[in-house]
Amino acid sequence: MKINVKDEIAAISEEILAIRRDIHAHPELGFQEFRTAQLVEDQLNGLGLRVRRCAGTGVIGVLEGAKTGKTVMLRAELDALPITEENDLPFCSQNPGVMHACGHDCNTAIQLGVAKILAAHRGELPGTVVFLFQPNEEDCGAPQMIEDGALLDPRPDAIFSSHVWSPIPTGKIGVVPGPQCASSYYFKVTIHGQDTAGYAPWQGVSPIDCARHVMDAIDTMQTLEYNTLDEPTLITVGMIHGGNYMINIPADLEMQGSIRCLHNREKAVHARFREIVEDVCKAYRCTCSVEITCGNNLLSNDEALHNIVCGVSREVLGGDSVVTAGVREMGGDDLAEFFRTGIPGCYYLIGMGNPAKGSVAAHHNKNFRVDEDVLDIAVELQSRAVLRYLGVQ
Ligand SMILES: [Zn+2]
Ligand SMILES: [Zn+2]
(Lines give C-alpha, C1' and ligand atoms only; values in the text may rest on other atoms or scores of the structure.)
(Ligands and ions follow the chains in the order given, each with its own letter.)
Protein backbone atom coordinates (compact mmCIF):
# COMPACT_ATOMS: atom_id res chain seq x y z
CA MET A 1 0.00 0.00 0.00
CA LYS A 2 1.49 3.29 -1.07
CA ILE A 3 -0.39 6.56 -0.79
CA ASN A 4 0.83 9.85 -2.17
CA VAL A 5 -0.64 11.79 0.75
CA LYS A 6 0.48 15.23 -0.42
CA ASP A 7 -1.13 14.96 -3.86
CA GLU A 8 -4.34 13.57 -2.41
CA ILE A 9 -4.54 16.41 0.11
CA ALA A 10 -4.07 18.98 -2.66
CA ALA A 11 -7.22 17.58 -4.27
CA ILE A 12 -9.36 18.14 -1.15
CA SER A 13 -7.61 21.27 0.14
CA GLU A 14 -10.33 23.72 -0.96
CA GLU A 15 -13.03 21.54 0.54
CA ILE A 16 -11.28 21.34 3.94
CA LEU A 17 -10.79 25.11 3.95
CA ALA A 18 -14.50 25.64 3.16
CA ILE A 19 -15.53 23.30 6.00
CA ARG A 20 -13.28 25.13 8.43
CA ARG A 21 -14.72 28.51 7.47
CA ASP A 22 -18.29 27.21 7.61
CA ILE A 23 -17.76 25.87 11.15
CA HIS A 24 -15.98 29.10 12.12
CA ALA A 25 -18.96 31.18 10.99
CA HIS A 26 -21.35 28.99 13.03
CA PRO A 27 -19.68 28.41 16.41
CA GLU A 28 -21.55 26.58 19.17
CA LEU A 29 -20.88 26.23 22.89
CA GLY A 30 -20.13 22.94 24.69
CA PHE A 31 -22.83 20.25 24.42
CA GLN A 32 -24.79 22.58 22.11
CA GLU A 33 -22.80 21.73 18.98
CA PHE A 34 -25.96 20.64 17.12
CA ARG A 35 -25.18 22.12 13.71
CA THR A 36 -21.49 21.20 13.87
CA ALA A 37 -22.26 17.61 14.89
CA GLN A 38 -24.76 17.29 12.04
CA LEU A 39 -22.18 18.60 9.57
CA VAL A 40 -19.61 16.08 10.83
CA GLU A 41 -22.15 13.26 10.82
CA ASP A 42 -23.17 14.03 7.21
CA GLN A 43 -19.53 14.14 6.09
CA LEU A 44 -18.68 10.81 7.73
CA ASN A 45 -21.84 9.17 6.37
CA GLY A 46 -20.86 10.44 2.94
CA LEU A 47 -17.59 8.55 3.28
CA GLY A 48 -19.41 5.33 4.14
CA LEU A 49 -18.11 5.12 7.70
CA ARG A 50 -20.02 3.44 10.53
CA VAL A 51 -21.29 6.54 12.32
CA ARG A 52 -22.91 6.97 15.73
CA ARG A 53 -23.70 9.77 18.17
CA CYS A 54 -22.14 9.72 21.64
CA ALA A 55 -22.92 11.91 24.67
CA GLY A 56 -25.45 13.95 22.69
CA THR A 57 -23.44 16.10 20.30
CA GLY A 58 -20.38 13.83 20.11
CA VAL A 59 -19.87 11.96 16.83
CA ILE A 60 -17.86 8.80 16.20
CA GLY A 61 -17.05 7.44 12.75
CA VAL A 62 -15.42 4.04 12.38
CA LEU A 63 -13.42 3.21 9.26
CA GLU A 64 -12.81 -0.52 8.98
CA GLY A 65 -9.97 -1.36 6.64
CA ALA A 66 -10.32 -4.43 4.41
CA LYS A 67 -7.32 -6.04 6.11
CA THR A 68 -7.00 -6.87 9.80
CA GLY A 69 -4.72 -4.83 12.00
CA LYS A 70 -4.61 -2.53 14.97
CA THR A 71 -7.22 0.09 15.89
CA VAL A 72 -6.18 3.71 16.18
CA MET A 73 -8.37 6.59 17.32
CA LEU A 74 -8.10 10.27 16.39
CA ARG A 75 -9.76 12.94 18.48
CA ALA A 76 -10.89 16.46 17.54
CA GLU A 77 -12.99 18.97 19.47
CA LEU A 78 -16.27 20.54 18.35
CA ASP A 79 -16.92 23.33 20.85
CA ALA A 80 -16.42 27.10 20.68
CA LEU A 81 -16.06 29.67 23.47
CA PRO A 82 -18.31 32.39 24.99
CA ILE A 83 -16.29 35.20 23.38
CA THR A 84 -17.38 37.92 20.94
CA GLU A 85 -15.19 37.79 17.84
CA GLU A 86 -13.42 41.03 16.91
CA ASN A 87 -11.81 39.96 13.66
CA ASP A 88 -12.73 41.45 10.31
CA LEU A 89 -13.03 38.38 8.09
CA PRO A 90 -15.73 37.35 5.61
CA PHE A 91 -16.37 34.15 7.59
CA CYS A 92 -16.50 35.69 11.09
CA SER A 93 -18.79 34.28 13.75
CA GLN A 94 -22.47 34.80 12.97
CA ASN A 95 -23.47 33.80 16.50
CA PRO A 96 -23.13 36.83 18.78
CA GLY A 97 -21.07 36.11 21.89
CA VAL A 98 -19.75 32.79 20.60
CA MET A 99 -16.43 32.30 18.82
CA HIS A 100 -14.06 29.56 17.72
CA ALA A 101 -11.17 31.20 19.57
CA CYS A 102 -9.26 28.00 20.30
CA GLY A 103 -9.06 26.61 16.75
CA HIS A 104 -11.45 23.67 17.26
CA ASP A 105 -13.04 24.57 13.91
CA CYS A 106 -9.65 23.78 12.34
CA ASN A 107 -9.13 20.62 14.38
CA THR A 108 -12.51 19.29 13.25
CA ALA A 109 -11.95 20.20 9.58
CA ILE A 110 -8.46 18.62 9.68
CA GLN A 111 -9.83 15.39 11.12
CA LEU A 112 -12.52 15.26 8.42
CA GLY A 113 -9.69 15.69 5.90
CA VAL A 114 -7.86 12.70 7.35
CA ALA A 115 -11.08 10.69 7.18
CA LYS A 116 -11.44 11.58 3.48
CA ILE A 117 -7.85 10.57 2.69
CA LEU A 118 -7.96 7.27 4.55
CA ALA A 119 -11.52 6.28 3.54
CA ALA A 120 -10.42 6.40 -0.10
CA HIS A 121 -7.95 3.59 0.68
CA ARG A 122 -10.20 1.37 2.75
CA GLY A 123 -9.52 -1.61 0.48
CA GLU A 124 -5.81 -1.63 1.34
CA LEU A 125 -5.96 -0.41 4.92
CA PRO A 126 -4.67 -2.93 7.51
CA GLY A 127 -6.68 -2.01 10.59
CA THR A 128 -9.40 0.26 11.89
CA VAL A 129 -9.44 4.03 12.37
CA VAL A 130 -11.87 5.62 14.82
CA PHE A 131 -12.62 9.31 14.20
CA LEU A 132 -13.90 10.77 17.46
CA PHE A 133 -15.38 14.28 17.50
CA GLN A 134 -15.77 15.47 21.06
CA PRO A 135 -18.16 18.06 22.50
CA ASN A 136 -17.31 20.48 25.28
CA GLU A 137 -13.51 20.09 25.45
CA GLU A 138 -13.19 23.45 27.18
CA ASP A 139 -15.08 22.12 30.19
CA CYS A 140 -14.10 18.46 30.22
CA GLY A 141 -16.65 16.70 28.00
CA ALA A 142 -14.51 13.58 27.60
CA PRO A 143 -15.85 11.67 30.66
CA GLN A 144 -19.43 11.81 29.33
CA MET A 145 -18.22 10.30 26.04
CA ILE A 146 -16.37 7.53 27.85
CA GLU A 147 -19.45 6.79 30.00
CA ASP A 148 -21.51 6.64 26.82
CA GLY A 149 -19.22 3.96 25.38
CA ALA A 150 -16.88 6.04 23.21
CA LEU A 151 -14.00 3.61 23.77
CA LEU A 152 -16.02 0.46 23.05
CA ASP A 153 -16.86 -1.08 19.69
CA PRO A 154 -14.04 -1.01 18.89
CA ARG A 155 -11.62 -0.30 21.72
CA PRO A 156 -8.64 1.63 20.33
CA ASP A 157 -5.06 0.43 20.79
CA ALA A 158 -3.68 3.96 20.48
CA ILE A 159 -4.85 7.58 20.28
CA PHE A 160 -3.46 10.56 18.39
CA SER A 161 -4.74 14.09 18.77
CA SER A 162 -3.37 17.27 17.25
CA HIS A 163 -4.28 20.88 18.05
CA VAL A 164 -3.45 23.98 16.00
CA TRP A 165 -1.35 26.26 18.23
CA SER A 166 -0.52 29.94 17.71
CA PRO A 167 2.41 30.25 20.18
CA ILE A 168 4.43 27.88 17.94
CA PRO A 169 5.45 29.13 14.47
CA THR A 170 3.96 27.67 11.30
CA GLY A 171 6.08 24.80 10.04
CA LYS A 172 6.92 23.45 13.51
CA ILE A 173 5.15 21.09 15.88
CA GLY A 174 5.34 20.97 19.67
CA VAL A 175 5.40 17.68 21.55
CA VAL A 176 7.26 16.04 24.44
CA PRO A 177 7.35 12.45 25.70
CA GLY A 178 5.77 11.93 29.13
CA PRO A 179 3.83 14.62 31.02
CA GLN A 180 2.72 17.46 28.71
CA CYS A 181 -0.42 18.98 30.28
CA ALA A 182 -0.82 19.23 34.05
CA SER A 183 -3.51 17.69 36.17
CA SER A 184 -5.80 20.37 37.47
CA TYR A 185 -7.90 19.84 40.61
CA TYR A 186 -10.17 22.44 42.13
CA PHE A 187 -10.33 23.07 45.86
CA LYS A 188 -12.97 24.71 48.01
CA VAL A 189 -11.92 25.51 51.56
CA THR A 190 -14.54 26.76 54.00
CA ILE A 191 -13.09 28.26 57.17
CA HIS A 192 -15.33 28.56 60.22
CA GLY A 193 -14.49 31.07 62.97
CA GLN A 194 -16.71 33.00 65.37
CA ASP A 195 -18.35 36.25 64.34
CA THR A 196 -17.92 39.32 66.46
CA ALA A 197 -17.87 43.11 66.29
CA GLY A 198 -14.79 44.72 64.76
CA TYR A 199 -14.17 46.72 67.96
CA ALA A 200 -13.96 43.53 70.07
CA PRO A 201 -12.11 40.90 67.98
CA TRP A 202 -11.01 38.99 71.09
CA GLN A 203 -14.63 37.98 71.61
CA GLY A 204 -14.63 36.00 68.34
CA VAL A 205 -12.30 34.19 65.93
CA SER A 206 -11.57 35.79 62.54
CA PRO A 207 -11.68 33.40 59.56
CA ILE A 208 -10.24 36.25 57.45
CA ASP A 209 -7.09 36.42 59.52
CA CYS A 210 -6.87 32.63 59.44
CA ALA A 211 -7.19 32.67 55.64
CA ARG A 212 -4.08 34.85 55.20
CA HIS A 213 -2.04 32.33 57.19
CA VAL A 214 -3.51 29.52 55.09
CA MET A 215 -2.44 31.34 51.92
CA ASP A 216 1.07 31.86 53.29
CA ALA A 217 1.35 28.18 54.15
CA ILE A 218 0.10 27.11 50.71
CA ASP A 219 2.69 29.35 49.05
CA THR A 220 5.48 27.92 51.17
CA MET A 221 4.32 24.39 50.44
CA GLN A 222 4.38 24.82 46.67
CA THR A 223 7.69 26.65 46.55
CA LEU A 224 9.73 24.74 49.14
CA GLU A 225 8.32 21.22 49.28
CA TYR A 226 8.62 20.22 45.61
CA ASN A 227 11.55 20.06 43.23
CA THR A 228 10.40 22.57 40.65
CA LEU A 229 12.32 20.75 37.90
CA ASP A 230 10.96 17.26 38.54
CA GLU A 231 7.65 17.95 40.25
CA PRO A 232 6.19 21.19 38.86
CA THR A 233 3.34 22.05 41.24
CA LEU A 234 1.21 25.17 41.19
CA ILE A 235 -1.45 26.19 43.70
CA THR A 236 -3.40 29.37 43.06
CA VAL A 237 -6.32 30.98 44.84
CA GLY A 238 -8.91 32.46 42.49
CA MET A 239 -11.80 33.34 44.80
CA ILE A 240 -12.17 34.48 48.40
CA HIS A 241 -15.52 35.41 49.86
CA GLY A 242 -16.04 36.43 53.48
CA GLY A 243 -17.96 39.03 55.41
CA ASN A 244 -20.66 41.49 54.44
CA TYR A 245 -20.11 44.48 56.73
CA MET A 246 -16.88 46.44 57.18
CA ILE A 247 -17.13 46.89 60.94
CA ASN A 248 -17.86 43.23 61.76
CA ILE A 249 -15.80 40.07 61.69
CA PRO A 250 -17.71 37.28 59.91
CA ALA A 251 -18.20 33.71 61.05
CA ASP A 252 -17.15 32.02 57.80
CA LEU A 253 -14.96 32.44 54.75
CA GLU A 254 -14.81 30.53 51.50
CA MET A 255 -11.63 30.18 49.45
CA GLN A 256 -11.45 28.48 46.04
CA GLY A 257 -8.61 27.76 43.67
CA SER A 258 -6.72 25.10 41.76
CA ILE A 259 -3.89 22.66 42.37
CA ARG A 260 -1.91 21.78 39.24
CA CYS A 261 0.71 19.05 38.96
CA LEU A 262 2.84 18.26 35.93
CA HIS A 263 3.80 14.91 37.46
CA ASN A 264 1.90 11.84 38.58
CA ARG A 265 2.20 12.27 42.35
CA GLU A 266 -0.78 14.59 42.63
CA LYS A 267 -2.54 12.45 45.25
CA ALA A 268 0.30 13.12 47.71
CA VAL A 269 0.13 16.85 46.90
CA HIS A 270 -3.62 16.89 47.57
CA ALA A 271 -3.15 15.06 50.89
CA ARG A 272 -0.43 17.50 51.98
CA PHE A 273 -2.60 20.48 50.96
CA ARG A 274 -5.45 19.16 53.07
CA GLU A 275 -3.12 18.57 56.03
CA ILE A 276 -1.61 22.07 55.88
CA VAL A 277 -4.99 23.82 55.58
CA GLU A 278 -6.50 21.85 58.45
CA ASP A 279 -3.48 22.33 60.72
CA VAL A 280 -3.19 26.08 60.07
CA CYS A 281 -6.91 26.52 60.70
CA LYS A 282 -6.51 24.65 63.96
CA ALA A 283 -3.54 26.84 64.98
CA TYR A 284 -5.70 29.92 64.48
CA ARG A 285 -8.68 28.45 66.38
CA CYS A 286 -10.81 27.82 63.31
CA THR A 287 -12.35 24.68 61.88
CA CYS A 288 -12.57 23.98 58.17
CA SER A 289 -13.81 21.71 55.45
CA VAL A 290 -11.70 20.97 52.37
CA GLU A 291 -13.21 19.70 49.12
CA ILE A 292 -10.96 18.72 46.21
CA THR A 293 -12.55 17.82 42.87
CA CYS A 294 -11.03 16.84 39.55
CA GLY A 295 -10.87 19.31 36.68
CA ASN A 296 -8.42 17.55 34.40
CA ASN A 297 -6.06 14.65 34.92
CA LEU A 298 -2.41 14.60 33.94
CA LEU A 299 -1.88 14.18 30.20
CA SER A 300 1.20 12.08 29.58
CA ASN A 301 2.38 11.10 26.10
CA ASP A 302 3.39 7.54 25.26
CA GLU A 303 7.01 7.46 24.18
CA ALA A 304 6.62 5.15 21.16
CA LEU A 305 3.67 7.14 19.78
CA HIS A 306 5.59 10.37 20.44
CA ASN A 307 8.44 8.94 18.35
CA ILE A 308 6.04 8.19 15.48
CA VAL A 309 4.76 11.79 15.51
CA CYS A 310 8.31 13.20 15.62
CA GLY A 311 9.45 10.92 12.79
CA VAL A 312 6.54 11.94 10.58
CA SER A 313 7.08 15.62 11.36
CA ARG A 314 10.76 15.45 10.42
CA GLU A 315 9.85 13.88 7.08
CA VAL A 316 7.07 16.34 6.29
CA LEU A 317 8.41 19.57 7.81
CA GLY A 318 12.15 19.02 8.15
CA GLY A 319 14.72 17.77 10.64
CA ASP A 320 14.40 20.69 13.04
CA SER A 321 10.61 20.88 13.00
CA VAL A 322 9.96 19.41 16.46
CA VAL A 323 10.13 21.97 19.27
CA THR A 324 9.91 21.13 22.95
CA ALA A 325 10.44 24.52 24.61
CA GLY A 326 7.22 25.91 26.03
CA VAL A 327 5.21 22.82 25.10
CA ARG A 328 4.71 21.49 28.62
CA GLU A 329 2.02 23.49 30.33
CA MET A 330 0.34 23.82 33.70
CA GLY A 331 -3.03 23.95 31.89
CA GLY A 332 -4.96 20.75 31.34
CA ASP A 333 -6.62 18.96 28.43
CA ASP A 334 -9.38 16.42 28.87
CA LEU A 335 -7.82 14.17 26.24
CA ALA A 336 -6.12 12.82 29.38
CA GLU A 337 -9.40 11.09 30.31
CA PHE A 338 -9.12 8.83 27.25
CA PHE A 339 -5.44 8.06 28.00
CA ARG A 340 -6.26 7.30 31.63
CA THR A 341 -8.34 4.30 30.64
CA GLY A 342 -5.04 2.61 29.80
CA ILE A 343 -4.87 3.41 26.08
CA PRO A 344 -1.51 4.95 25.10
CA GLY A 345 -1.75 8.24 23.28
CA CYS A 346 0.09 11.23 21.92
CA TYR A 347 -1.13 14.83 21.90
CA TYR A 348 0.82 17.29 19.81
CA LEU A 349 0.58 20.96 18.88
CA ILE A 350 0.66 22.09 15.27
CA GLY A 351 2.36 25.46 15.03
CA MET A 352 0.41 28.15 13.17
CA GLY A 353 1.91 31.36 14.54
CA ASN A 354 2.67 33.56 11.52
CA PRO A 355 2.96 37.35 11.84
CA ALA A 356 2.42 37.74 8.06
CA LYS A 357 -1.01 36.08 8.45
CA GLY A 358 -1.84 37.88 11.70
CA SER A 359 -2.17 34.53 13.46
CA VAL A 360 -0.25 35.39 16.61
CA ALA A 361 -3.02 36.20 19.14
CA ALA A 362 -3.29 33.89 22.11
CA HIS A 363 -5.90 31.14 22.19
CA HIS A 364 -9.20 32.22 23.81
CA ASN A 365 -8.59 35.81 22.64
CA LYS A 366 -11.23 37.83 20.73
CA ASN A 367 -8.62 38.51 18.02
CA PHE A 368 -7.55 34.86 17.67
CA ARG A 369 -6.78 34.05 14.03
CA VAL A 370 -5.47 31.06 12.16
CA ASP A 371 -2.82 30.57 9.49
CA GLU A 372 -4.98 28.41 7.23
CA ASP A 373 -1.89 27.03 5.45
CA VAL A 374 -1.50 24.63 8.37
CA LEU A 375 -4.74 22.80 7.55
CA ASP A 376 -3.06 20.79 4.80
CA ILE A 377 0.07 20.28 6.90
CA ALA A 378 -1.99 18.93 9.76
CA VAL A 379 -4.01 16.57 7.55
CA GLU A 380 -0.72 15.19 6.23
CA LEU A 381 0.86 14.77 9.67
CA GLN A 382 -2.19 13.01 11.14
CA SER A 383 -2.72 10.79 8.08
CA ARG A 384 0.92 9.74 8.07
CA ALA A 385 0.95 9.11 11.83
CA VAL A 386 -2.04 6.76 11.43
CA LEU A 387 -0.45 4.95 8.48
CA ARG A 388 2.88 4.61 10.30
CA TYR A 389 1.14 3.25 13.40
CA LEU A 390 -0.75 0.71 11.28
CA GLY A 391 2.60 -0.27 9.76
CA VAL A 392 1.87 0.92 6.24
CA GLN A 393 4.41 3.58 5.33
ZN1 LIG B 1 -9.16 26.15 24.46
ZN1 LIG C 1 -8.45 23.92 22.37
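The values are calculated or read from the model by the stated rules, or taken from the named source; none is laboratory data. What you see is a predicted model, and the numbers here were worked out from it, not measured in a lab. Because the Cβ atoms are built from the backbone with ideal geometry, glycine has one as well, and the counts that use them run over all protein chains shown. Side chains are part of the model used for accessible areas, which takes the heavy atoms of the whole protein and leaves out ligands, DNA and RNA. Shrake-Rupley method; radii C 1.70, N 1.55, O 1.52, S 1.80 Å.
For the pair LYS282/THR341, report the inter-label distance in nm, with labels modelled 7 Å from Cα in the Cβ direction.
4.2
Could you check the spin-label model distance between ASP139 and LEU229? Points 7 Å from the Cα along Cα→Cβ, value in nm.
Distance between label points: 4.1 nm.
Only four residue types carry charge here, +1 at the Cβ of Lys and Arg and -1 at the Cβ of Asp and Glu. Report the dipole size of region 68-199 about the Cα centre in Debye, rounded to the nearest 20. Mind dumping the intermediate values first?
Values: 7 positive and 15 negative charges, 123 e Å.
The calculated dipole for region 68-199 is roughly 600 debye.
Once ligands and nucleic acids are excluded and a 1.4 Å probe is used, how much of ARG328 is accessible, expressed in Å² to the nearest 10?
Roll a 1.4 Å probe over it and ARG328 shows about 110 Å².
Put +1 on the Cβ of every Lys and Arg and -1 on every Asp and Glu Cβ in region 183-296; which of ALA283, LEU262, CYS210 then has its Cα farthest towards the positive end of the dipole?
The residue sitting most towards the positive pole is LEU262.
Just want the answer: with Cβ charges of +1 for Lys and Arg and -1 for Asp and Glu, which residue in THR293, LEU125, ASN45 is farthest toward the dipole's positive end in the chain?
LEU125
Specify the inter-centroid distance of region 21-43 and region 195-210, based on alpha-carbon positions, in whole Å.
Centre-to-centre distance over Cα atoms comes out at 54 Å.
For a quick check of understanding: with a 1.4 angstrom probe and all protein chains in place, what accessible area in square angstrom does THR324 have, to the nearest ten?
So the heavy atoms of THR324 present about 80 Å² to solvent.
Which links in LYS70/LYS116; LYS2/LYS70; LYS70/LYS357 stretch past 30 Å when you go from one Cα to the other? Show your work: numbers first, answer last.
Details: LYS70/LYS116 19 Å; LYS2/LYS70 18 Å; LYS70/LYS357 39 Å.
Violating the 30 Å Cα-Cα cut-off are LYS70/LYS357.
Could you compute the FRET efficiency for LYS366 and ARG272, with r as their C-beta to C-beta distance and R0 at 35 Å, rounded to 0.05? If you can, show how the numbers build up before the last one.
On the way: r = 39 Å, r/R0 = 1.12.
The value I calculate is 0.35.
If each DSSP helix of 4+ residues adds -39,500 (n - 2.57) and the sum is divided by the residues in the chain, what number results at 222 nm, nearest 500 deg cm²/dmol?
The helix-only estimate for the chain comes to -10500 deg cm²/dmol at 222 nm.
With θ set to phi - 60°, apply the Karplus curve 6.51 cos²θ - 1.76 cosθ + 1.60 along region 289-304 and write out the HN-Hα couplings as whole Hz, x wherever there is a Gly or Pro.
Running phi through 6.51 cos²θ - 1.76 cosθ + 1.60 with θ = phi - 60° gives 10, 10, 10, 10, 10, 7, x, 9, 8, 4, 9, 10, 7, 6, 5, 5 Hz.
With a/c under 1.5 counting as rounded, go ahead and sort region 183-296 into rounded, prolate or oblate using the C-alpha gyration tensor (a ≥ b ≥ c being the square roots of the eigenvalues; past the cut-off, prolate if a/b is larger than b/c, else oblate).
Values: a/c = 2.73, a/b = 2.26, b/c = 1.21.
Prolate.
Put +1 on the Cβ of each Lys and Arg and -1 on the Cβ of each Asp and Glu in the chain; which of VAL114, HIS163, PRO135 then has its Cα farthest toward the positive end of the dipole?
With unit charges placed on the Cβ atoms, the residue in question is VAL114.
Modelling each spin label as a point 7 Å along the Cα-to-Cβ direction, I'd like the MET246/ARG122 distance in nm, to one decimal.
7.2
Please get the size of the charge dipole for the chain, origin at its Cα centre, with Cβ charges of +1 on Lys and Arg and -1 on Asp and Glu, quoted in debye to the nearest 20.
On the way: 32 positive and 51 negative charges, 150 e Å.
Here the size comes out at about 720 debye.
Roughly speaking, to the nearest percent, how much of the chain's 1.4 Å accessible area is carbon and sulfur? Before the final figure, lay out the partial values.
Working: 8220 of 16270 Å².
Here it works out to 51 percent.
For a quick check of understanding: with a 1.4 angstrom probe and all protein chains in place, what accessible area in square angstrom does TRP165 have, to the nearest ten?
Here the residue's solvent-accessible area equals roughly 40 Å².
Per residue, how much accessible area does the chain have with a 1.4 Å probe, in Å²? All intermediate terms of the calculation are to be shown ahead of the outcome.
Numbers: 16270 Å² over 393 residues.
That works out to 41 Å² per residue.
What does the charge dipole of region 305-393 about its Cα centre add up to, to the nearest 20 debye, if the Cβ of each Lys and Arg holds +1 and the Cβ of each Asp and Glu holds -1? Walk me through the intermediate numbers first.
Details: 8 positive and 11 negative charges, 22 e Å.
Using Cβ point charges on Lys, Arg, Asp and Glu, region 305-393 gives about 100 debye.
Among the DSSP beta bridges whose two residues both lie in the chain, what percent are antiparallel, rounded to the nearest 5? Intermediate values should be presented prior to the final figure.
Numbers: 48 of 71 bridges.
The antiparallel fraction comes to roughly 70 percent.
Treating cross-link reach as a plain straight distance, find the aspartates and glutamates whose alpha-carbon is under 16 Å from the alpha-carbon of LYS172, omitting any fewer than eight places away in the same chain.
GLU315, ASP320, ASP371, GLU372, ASP373, ASP376, GLU380
Could you run the Karplus curve 6.51 cos²θ - 1.76 cosθ + 1.60 with θ = phi - 60° over region 4-18 and give me ³J(HN,Hα) per residue in whole Hz, x for Gly and Pro?
8, 4, 4, 4, 5, 5, 4, 6, 10, 4, 4, 5, 5, 4, 5
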